[in-house]
1. Does residue 146 meet the test of being hydrophobic (A, V, I, L, M, F, W, C) and either farther than 22 Å from residue 21 by Cβ or in contact (Cβ under 8 Å) with a residue 12 or more places away in the chain (or both)?
2. Being open to solvent by 30 Å² or more (accessible area, probe 1.4 Å) and either free of Cβ contacts under 8 Å to residues at least 12 places away in the same chain or under 20 Å from residue 74 (Cβ atoms) (or both) is the filter here; which residues of region 170-185 pass it?
3. Looking at 118, 110, which one is surrounded by 12 or more Cβ atoms within 10 Å (Cβ to Cβ) and at pLDDT below 90?
4. Would you say residue 28 is open to solvent by less than 70 Å² (accessible area, probe 1.4 Å) and closer than 12 Å to residue 149 by Cβ?
5. Would you mind stating whether residue 1 is crowded, with 20+ Cβ neighbours inside 10 Å and either modelled with pLDDT under 95 or touching a Ser or Thr at 6+ places or on another chain (Cβ under 8 Å) (or both)?
6. Tell me, which residue of region 57-67 that is among the charged types (D, E, K, R) and open to solvent by less than 60 Å² (accessible area, probe 1.4 Å) is farthest from residue 12 (Cα to Cα)?
7. Can you pull out the residues in region 1-39 that are under 22 Å from residue 77 (Cβ atoms) and not in a helix (DSSP H, G or I)?
8. Identify all residues within region 42-56 that are in a helix (DSSP H, G or I), surrounded by fewer than 17 Cβ atoms within 10 Å (Cβ to Cβ) and not hydroxyl-bearing (Ser, Thr, Tyr); write none if there are none.
Amino acid sequence: MTFLSAMSTTAGLALLVALDPSVAGGVAVAALLVLGFALDSADGQVARLSGRTSPAGEWLDHVVDAAKMVAVHGCVLVAVWLHAPHETLWLVIPLAFQLVATVMFAGGTLIDLLKRALPTETSDRGPTTTVRALALLPADYGVLALCFLLWGLPAVFQTVYALLFAANAVLVVLLLGKWFRELRAA
């Protein structure tokens with residue numbers, strides 16, 4: 001499943017970099033990225049249901065996820081630079097988004113691992129509320145994947161992508177503070 005997820009994501013990103021912006025291209029890119037996301041979401045569940053979970057499988061999943069975080073934003077930078085009208089300064093946004101996404105992924109992965117190692121701590125993150133779920137929506141990879149539906153409208157895509165970056169930048173600052181306080185209190 002992880003391999004199929006990686007291949008679907010790679011195909012979507014290859015299309016993004018290869019094609020001029022178009023509605024059809026955006027739909028194809030979004031579909032492949034969403035398929036990759038769905039397969040990535042299912043791989044752990046399939047492993048648990050089949051009794052085939054392993055540290056190697058979890059490691060591979062995290063490595064592929066980390067590569068995806070870097071690749072998506074790197075490909076956005078290249079695709080906009082090659083194919084879309086843009087302000088030169090706008091190209092800083094995918095680089096900054098890449099940094100934010102990588103720090104958020106690493107921080108979230110590490111907080112789970114470190115909390116598991118604490119003798120009195122569980123990995124429970126507390127009750128999920130509608131407000132919390134909505135607040136974290138901009139950080140959901142599926143939302144990012146769906147924004148590629150706008151690839152055929154470069155100015156709209158760039159605006160939505162920049163807004164997602166800004167929301168993620170705020171979220172990572174808030175989450176890093178929260179995670180640090182949790183670990184410090186432990």
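1. Values: hydrophobic (A, V, I, L, M, F, W, C): yes; either farther than 22 Å from residue 21 by Cβ or in contact (Cβ under 8 Å) with a residue 12 or more places away in the chain (or both): yes.
In short, yes.
2. Of everything in region 170-185, those that are open to solvent by 30 Å² or more (accessible area, probe 1.4 Å) and either free of Cβ contacts under 8 Å to residues at least 12 places away in the same chain or under 20 Å from residue 74 (Cβ atoms) (or both) turn out to be 170, 173, 174, 178, 180, 181, 184, 185.
3. Numbers: 110 fails: at pLDDT below 90.
Every option except 118 fails the conditions.
4. Numbers: open to solvent by less than 70 Å² (accessible area, probe 1.4 Å): yes; closer than 12 Å to residue 149 by Cβ: yes.
Criteria met by residue 28.
5. Numbers: crowded, with 20+ Cβ neighbours inside 10 Å: no; either modelled with pLDDT under 95 or touching a Ser or Thr at 6+ places or on another chain (Cβ under 8 Å) (or both): yes.
So residue 1 does not fit the description; no.
6. 61
7. Those that are under 22 Å from residue 77 (Cβ atoms) and not in a helix (DSSP H, G or I): 19, 20, 21, 22.
8. Let us first name the residues in region 42-56 that are in a helix (DSSP H, G or I), namely 42-50, 55-56.
Within this subset, residues satisfying the condition of being surrounded by fewer than 17 Cβ atoms within 10 Å (Cβ to Cβ) are 42, 44-46, 48-50, 55-56.
Within region 42-56, 42, 44, 45, 46, 48, 49, 55, 56 qualify.
The values are calculated or read from the model by the stated rules, or taken from the named source; none is laboratory data. These numbers were taken from a predicted model, which means no experiment stands behind them. No Cβ is skipped: glycine too gets one built from the backbone with ideal geometry, and neighbour counts run over all protein chains shown. Side chains included, ligands, DNA and RNA excluded: accessible areas come from the protein's heavy atoms. Shrake-Rupley method; radii C 1.70, N 1.55, O 1.52, S 1.80 Å.
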